[in-house]
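Note sheet for the following structure.
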Amino acid sequence: MTLIIILAIILAIAIGYITKINIGLFAIVFAYLIGCYGLDLTASQVVSFWPIKIFFIIFAVTLFYNVAMVNGTLEKLANHLLYACRNFPLLLPLAIFASATIIAALGAGFYTVLAFMAPMTLLLCQKTGMSKIIGGMAVNYGALAGANFMTSQSGVIFRGIMEGVGISPAQAFSNSTAIFIATLIIPIVVITSYLIFNHKKLSINIAVERSAPFETKQKQSLMLVITLMALVLVIPILNLIFPQNHSISFLNSKVDIGFMAIIFAVISLLMKLADEKKVIAMVPWGTLIMICGVGMLIEVAIKAGVINILSDWVSTTIPYWIIPLTMCLIGAVMSLFASTLGVVTPALFPIVPAIAAATGHNPIVLFVCIVVGAQASAISPFSSGGSLILGSTPQGVNQSELFNDLLFRAVPIGLIAALMAALIAQGVL
């Protein structure tokens with residue numbers, strides 16, 4: 001049964017990749033067949049494996065932040081940040097990284113930011129002479145880092161998966177904070193190192209027009225985004241600082257980012273800040289199906305005891321000091337062809353508590369290593385990030401050359417940085 005479930009996960013990913021049909025749909029089919037006919041579960045039990053909490057949170061958060069996307073607030077913010085860098089052309093890669101990070105952290109999420117910033121970044125590479133490798137890495141890793149922010153799309157998903165395997169909300173918040181910090185620092189070090197060692201070869205000229213000032217609705221959207229972030233961040237942080245304060249503990253137990261996002265989405269729509277139909281249409285339904293479908297199959301795997309078997313194998317077979325590096329590499333290999341959010345973290349996060357308990361490793365280190373490894377290879381043209389960049393190639397850019405650069409230059413650079421970070425995290429955390 002363990003072998004069958006592992007093969008089912010691999011098959012779901014492979015068939016989805018080959019057919020271009022959502023991986024989550026195949027995962028749901030396998031969850032039903034294995035659950036009902038292999039484990040003798042009822043159909044209702046398999047349906048109950050649908051991760052409703054994660055679904056609700058992603059839906060609510062993206063619904064609210066889509067308002068700022070639809071009315072152009074986040075795109076205009078990106079243009080303002082790039083314009084501010086016009087007098088410092090060599091810092092353009094860091095400006096692109098900062099823009100993508102901030103906009104993703106404000107709630108746009110990885111896919112949305114990459115979808116509208118990747119074409120602009122490649123055009124900037126074409127116009128300014130900036131390397132497409134460093135431009136692609138800047139926008140990809142910026143979108144990833146920002147999305148990992150505790151209140152943004154990926155950060156919320158990470159917390160939801162962790163809480164789903166029995167980790168307390170406070171600890172899940174701390175773990176996701178460590179993931180965000182790690183995925184923010186690593187790209188900055190990589191990009192800065194590239195600029196330092198290649199500054200003599202770089203000849204970047206920026207010609208970005210000043211963006212129009214924010215309109216009234218855009219200002220209101222930005223204020224609502226900042227207010228929501230403050231509310232859902234300040235209270236958990238205060239609770240960590242003052243754990244004995246009953247009032248803060250009470251508020252912390254009641255504040256939920258999903259419900260808060262729904263409230264702010266309703267406020268935004270009542271204020272007519274964006275068209276409701278467009279806001280709802282932009283909810284990442286494909287991502288939701290993929291994450292929840294794979295989540296159902298992983299729950300079937302947990303019922304079958306596969307997670308315990310895998311964690312026992314890692315704990316007893318792999319030498320202690322190599323375990324974080326191994327988790328980093330496994331995440332990187334999986335992410336070459338699959339989504340970090342939809343496949344890698346739902347598959348690997350559930351085995352972390354058992355591995356940590358058996359080996360004595362700090363769970364935070366293992367969570368960080370998984371995400372750092374997965375996002376190191378997310379720029380692969382076979383993965384979601386790289387494919388979006390490749391699909392954004394403007395006329396005049398050799399797509400085959402960019403394909404090779406992403407796979408054989410950007411991925412190795414990211415992976416080396418990830419492995420070094422895993423070693424550092426193991427010694428620091």
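Taking all protein chains in place and a 1.4 Å probe, what share, in percent, of the accessible surface of the stretch 7-123 do carbon and sulfur account for?
It is 74 percent, rounded to a whole number.
Filter the cross-link list K76/K277; K53/K272; K217/K277; K217/K254; K53/K278; K254/K277 down to pairs whose alpha-carbon distance in this structure exceeds 19 Å.
Among K76/K277; K53/K272; K217/K277; K217/K254; K53/K278; K254/K277, the Cα-Cα distance tops 19 Å for K76/K277; K53/K272; K217/K254; K53/K278; K254/K277.
Leaving out ligands and nucleic acids, and using a 1.4 Å probe, what accessible area per residue does the stretch 36-121 come to in Å²?
Accessible area per residue, the stretch 36-121: 37 Å².
Return the unpartnered cysteines for the chain, using a Cβ-Cβ cut-off of under 4.7 Å.
Cysteines lacking a close Cβ partner in the chain: C36, C85, C125, C292.
Give me the distance in nm between label points sitting 7 Å out from Cα along the Cα-to-Cβ direction at M271 and L251, one decimal.
According to this spin-label approximation, the distance is 2.1 nm.
Can you list the aspartates and glutamates whose alpha carbon is less than 20 Å from that of K219, not counting same-chain residues fewer than 8 positions off?
E75, D275, E276
Rounded to whole Å, give me the distance from the Cα center of the stretch 230-308 to that of the stretch 1-77.
Cα centroid of the stretch 230-308 versus Cα centroid of the stretch 1-77: 17 Å apart.
Roughly speaking, what % of Cα-Cα pairs in the chain are separated by over 31 Å, rounded to a whole number?
40
Can you pull the accessible area of E215 for me, 1.4 Å probe, Å² to the nearest 10?
My reading of the accessible area for E215 is about 110 Å².
Name the residue farthest towards the positive end of the dipole of the chain from the options A43, L228, T216, assuming +1 on Cβ of Lys and Arg, -1 on Cβ of Asp and Glu, about the Cα centre.
T216
Might you work out the accessible area of K53 for me, using a 1.4 Å probe with all protein chains in place, and round it to the nearest 10 Å²?
Accessible area, nearest 10 Å²: 100 Å².
Give the Cα extents of the stretch 269-360 along the principal axes, in whole Å, largest first.
57, 27, 25
How far, in nm, would the chain grow between I241 and Y37 when pulled straight, counting 0.36 nm per residue and subtracting the alpha carbon separation?
68.5 nm
If I histogram all Cα-Cα distances within the stretch 80-185 using bins 5 Å wide from 0, what percent of pairs lands in each bin?
2, 15, 22, 21, 15, 10, 7, 5, 3, 1, 0
Taking only protein heavy atoms and a 1.4 Å probe, what accessible area per residue, in Å², does the stretch 264-319 have with all protein chains in place?
Counting only protein heavy atoms, the per-residue value for the stretch 264-319 is 49 Å².
What shape does the stretch 177-330 take by its C-alpha gyration tensor, where a ≥ b ≥ c are the square roots of the eigenvalues and a/c under 1.5 counts as rounded, a/b above b/c as prolate, and the rest as oblate?
Because a/c hits 1.5 or more and a/b fails to exceed b/c, the stretch 177-330 counts as oblate.
Please compute one quarter of the surface area of the Cα convex hull for the stretch 1-66 and express it in square nanometres.
Taking a quarter of the hull surface, the average projection is 5.5 nm².
For the chain, what does the helix formula give at 222 nm: sum of -39500 (n - 2.57) over DSSP H segments with n ≥ 4, over the residue count, nearest 500 deg cm²/dmol?
-23000 deg cm²/dmol
On the accessible surface of the stretch 269-397, probed at 1.4 Å, how many percent belong to carbon and sulfur atoms?
66
The values are calculated or read from the model by the stated rules, or taken from the named source; none is laboratory data. Note that this is a predicted model, so its numbers are computed, not measured. Cβ sites come from the backbone with ideal geometry, for glycine too, and all protein chains shown count toward neighbours. Accessible surface is based on the protein model in full, side chains and every heavy atom, while ligands, DNA and RNA are left aside. Shrake-Rupley method; radii C 1.70, N 1.55, O 1.52, S 1.80 Å.
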